[in-house]
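Comments concern the structure below.
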Amino acid sequence: MSLAQWTKVDAYFNGLLAPSDPDLDAALEHSAASGLAPHQVAPNQGKLLQLLARIQGARTVLEIGTLGGYSTIWLARALPEDGRLISLEADPECAEVARANVARAGLGNVVEIRTGPALDSLPRLAEEGVGPFDVVFIDADKPNNPGYLEWALRLTRPGSLIIGDNVVRDGAVADSESTDPKVRGVRRFTELIAEEPRLTATA
């Protein structure tokens, strides 16, 4: 299937099942105007995250990698009024854009965005006794995915859901000889999942 056809298919399903939303549209526009890379999840993927969190009955969510807060909004909308979502973002500019987007969506009372490298923030969450989280969404720098998985396991409970994004890497994930740090990070992440008896997973 060509990229053009794939785009048409996505547009068809998104139009019916994840239609245009003022707050989400504004988040995308503000992120683009602020110079953020267009690396957020697609609308159908955001809707899937929301549905998974709802099916999980989630009250607490940990997001690793905020960007402009687009996926943050999708996930936060799945939570009850007293729910809590903590999102970790390394880039202060992205974090500021995300905070504005989340506030515009009326979710500032549910979402907390922490700035700094996630591998520094995650131990602090453990020290604070935050958690366990019902859902963890990992969508940050791929070379550190193995470390993120380790902390996700520490900050969850039996029955929690851990989601890792962007694992195919344009098919390069199947290349065992790849020297790309992103590919190597995803491969090690997947290997650790396969080796971990506490996890059952698919991709």
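The values are calculated or read from the model by the stated rules, or taken from the named source; none is laboratory data. Nothing here was measured: the structure is a model prediction, and the numbers come from that model. Don't worry about glycine lacking a Cβ; one is built from the backbone with ideal geometry, like all the others, and counts go over all protein chains shown. Protein only, heavy atoms only, side chains kept; ligands, DNA and RNA dropped before computing areas. Shrake-Rupley method; radii C 1.70, N 1.55, O 1.52, S 1.80 Å.
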From the phi angles alone, apply the Karplus equation (6.51, -1.76, 1.60; θ = phi - 60°) to the stretch 184-198 and give each ³J(HN,Hα) in whole Hz, x where the residue is Gly or Pro. 4, x, 5, 4, 5, 4, 5, 4, 5, 4, 5, 7, 7, x, 7
Using a Förster radius of 22 Å, what is the FRET efficiency between ALA174 and ALA194 based on their Cβ-Cβ separation? Nearest 0.05, please. 0.90
Return a whole-number percent for the relative contact order of the chain, with Cα pairs under 8 Å and 6 or more residues apart as the contact set. 17 percent
Accessible area per residue in Å² at 1.4 Å probe, computed on the chain: 53 Å²
Inter-centroid distance (Cα atoms) of the stretch 8-85 relative to the stretch 169-203, Å: 25 Å
So, by mean Cβ neighbours within 10 angstrom, what's the order for 75-81, 111-117, 64-70 with the highest one leading? 64-70, 75-81, 111-117
In debye, nearest 20, what is the charge dipole magnitude of the chain about its Cα centre with +1 on Lys and Arg Cβ and -1 on Asp and Glu Cβ, if you could check? 420 debye
Can you give me the % of accessible surface on the chain that is carbon or sulfur? Probe 1.4 Å, all protein chains present, nothing else counted. 54 percent
Just the accessible area for ARG154, please: 1.4 Å probe, Å², rounded to the nearest 10? 140 Å²
Reachable lysines from LYS8, Cα under 24 Å, same-chain residues fewer than 8 places away excluded? LYS47
With the dipole of the stretch 90-162 defined by +1 on each Lys or Arg Cβ and -1 on each Asp or Glu Cβ, the option from SER160, ALA100, PRO146 whose Cα lies farthest towards the positive pole is SER160
Taking a cut-off of 17 Å between Cα atoms, list the lysines near LYS182, but don't count ones fewer than 8 places away on the same chain. LYS142
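Return the calculated 222 nm mean residue ellipticity for the chain, to the nearest 500 deg cm²/dmol, obtained by summing -39500 (n - 2.57) across DSSP H runs with n ≥ 4 and dividing by the residue count. Please report the intermediate quantities before stating the final value.
On the way: 8 runs with 97 residues, N = 203.
Helix-only estimate at 222 nm: -15000 deg cm²/dmol.
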